[in-house]
Amino acid sequence: MNDSSRTMRLAGVDLGTLTCRLLIADLSPDRRLIEVRSERRILRLGEGVDQTKRLSNAAMDRVLHCLREWRGMIDASHVDAAAAVATSAVRDAANRDEFFDRVKREAGFEVELISGEEEARRTLLGIRSGLPVGVTDVLALDIGGGSTEFILDRSGQNPVVRSVDIGVVRLCERLLHHDPPTDEEVRQAREWVARETKAAVAEMGNYHTATFVGTAGTITSLAAMAQKLPTYEPARIHNYTLKLDTIRELEQTLLSRKKVDRVGLPGLEKGREEVIAAGSIIIRTVMEAQGMTAVLVSDLGLREGLLIELAKRTR
């Protein structure tokens, strides 16, 4: 039996600026991912990196503690292959080699540092694996902790990718210093996001005919909040249509409260109380700048794309 005709068990780890994610899944011969185990933890690896250009010892320790635990889960799952990637915060950190050495020594992972463009390409693989029937051309938006990627993918053409250095953690640390943010801070944030968005999509051609799809924690959290879900339900979040009017209402709710008063809002993941306000500013401003009235929510993204790419390399 050759490799392409059997199910492979794969593990992928995404070390994001805000959230670290683990996915262990079986990839069937027909290229479907069947989840075995999924974990995500808000560990803020990128805390302070925008200012210091260094990963703090406390942030590295938090992530290492988690990775040692995940290494045990992966080993117990008897995977065929595993991969780990790092994104924006680690790209910006002068001491990333020290972090990689520690990860290899203490948790047994070789970490691949990927560019914003490569992050977008693999995110697109993940998104494409779960789109509704009939969706062909896509303009995807991936709002991360340190960066945001725009990906225009049309059938028969190479994807066009733009990565901008605005993410929820970076926006909080750079501009949103009060709790809740002041009107002036919000105004400056909107200006920055609108300017970068317009520059990013300026040379993308006519993206308005593509389906607008959003992935990652900000957009999935807002979809959960829009439905007032008491617990995170991927099946109700994936392929949910989130309207701009709903995002505006949620943004108003978030910006009118302090962090402590956002705790326990239905659908809001614990640990995301600070950055969700920044995320709502980003998605609202991006949509208004592009004249979009709704976004199709994808619960799939970089983790899934990482496994699809890993399967290709392994085979």
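The values are calculated or read from the model by the stated rules, or taken from the named source; none is laboratory data. Just so we're clear, the structure is a prediction, and the values are computed from it rather than from any experiment. Ideal geometry is used to build each Cβ from the backbone, glycine not excepted, and the neighbour counts take in all protein chains shown. Each accessible area value is taken on the protein alone, full model and side chains, heavy atoms only, with ligands, DNA and RNA left out. Shrake-Rupley method; radii C 1.70, N 1.55, O 1.52, S 1.80 Å.
Some points to look at:
- Per residue accessible area in Å² of segment 82-240, where ligands, DNA and RNA are left out and the probe is 1.4 Å: 42
- Quarter of Cα convex hull surface for segment 8-82, i.e. mean projection, nm²: 5.3
- Solvent-accessible area of CYS172 with every protein chain in place, 1.4 Å probe, in Å² to the nearest 10: 10
- Cα centroid separation, segment 230-250 to segment 1-63 (Å): 23
- Only Cα sites of segment 179-315 enter the Debye sum here, all with the same form factor; the resulting log10 I(q)/I(0) across q = 0.14, 0.15, 0.16 1/Å is -0.70, -0.79, -0.88, listed in q order.
- Cleavage-rule hits (GluC sites (Glu not before Pro)) in segment 213-315: DSSP loop, at most 12 neighbouring Cβ within 10 angstrom: none
- Estimated from the Cβ-Cβ distance and a Förster radius of 45 angstrom, the FRET efficiency linking ASP101 and ARG37 is about 0.95.
- DSSP-loop GluC sites (Glu not before Pro) across segment 147-216, with at most 15 other Cβ within 10 angstrom: GLU203
- Projected onto their three principal axes, the Cα atoms of segment 161-209 cover extents of 39, 18, 15 Å, largest first.
- Cleavage-rule hits, GluC sites (Glu not before Pro), segment 73-147, DSSP coil, Cβ neighbours within 10 Å at most 12: GLU110
- Listed by chain and number, the lysines whose alpha-carbon sits under 25 Å from that of LYS53, ignoring those within fewer than 8 places in the same chain, are LYS104.
- Point-charge dipole on Cβ atoms (K/R +1, D/E -1) for segment 116-247, about Cα centre, debye to 20: 380
- Counting only DSSP beta bridges whose two residues both lie in the chain, roughly 65 percent are antiparallel.
- Restricting the calculation to Cα atoms, every distinct pair contributes to the Kirkwood radius of segment 252-315, found to be 14.6 Å.
- Of the residues GLN51, ALA76, VAL63, the one whose Cα sits farthest towards the positive end of the charge dipole of segment 30-84 is GLN51 (charges of +1 on Lys and Arg Cβ, -1 on Asp and Glu Cβ, taken about the Cα centre).
- Eigen-decomposition of the gyration tensor built on the alpha-carbon atoms of the chain gives equivalent ellipsoid semi-axes of 29, 24, 19 angstrom, largest listed first.
- Estimated Rh, segment 1-159: Kirkwood, alpha-carbon pairs, angstrom: 16.9
- SER256 contributes about 80 Å² of solvent-accessible surface, heavy atoms of the protein only, 1.4 Å probe.
- Length-normalised contact order of segment 74-162 in % [C-alpha pairs under 8 Å, at least 6 apart]: 24
- Cα gyration tensor shape of segment 107-250, rounded if a/c is under 1.5, else prolate or oblate by comparing a/b with b/c: rounded
- The chain - charge dipole about Cα centre, Lys and Arg +1 at Cβ, Asp and Glu -1, debye rounded to 20: 400
- Fraction in percent of alpha-carbon pairs per bin - 10 Å, segment 69-108: 24, 47, 26, 4
- For segment 93-148, the normalised intensity computed at q = 0.26 Å⁻¹ comes to -1.07 (log10 of I(q)/I(0), Debye sum over alpha carbons, equal scatterers, no solvent).
- Cα Rg over Rh - segment 194-270, Kirkwood: 1.04
- Accessible surface of the chain, 1.4 Å probe, proportion on carbon and sulfur as whole %: 48
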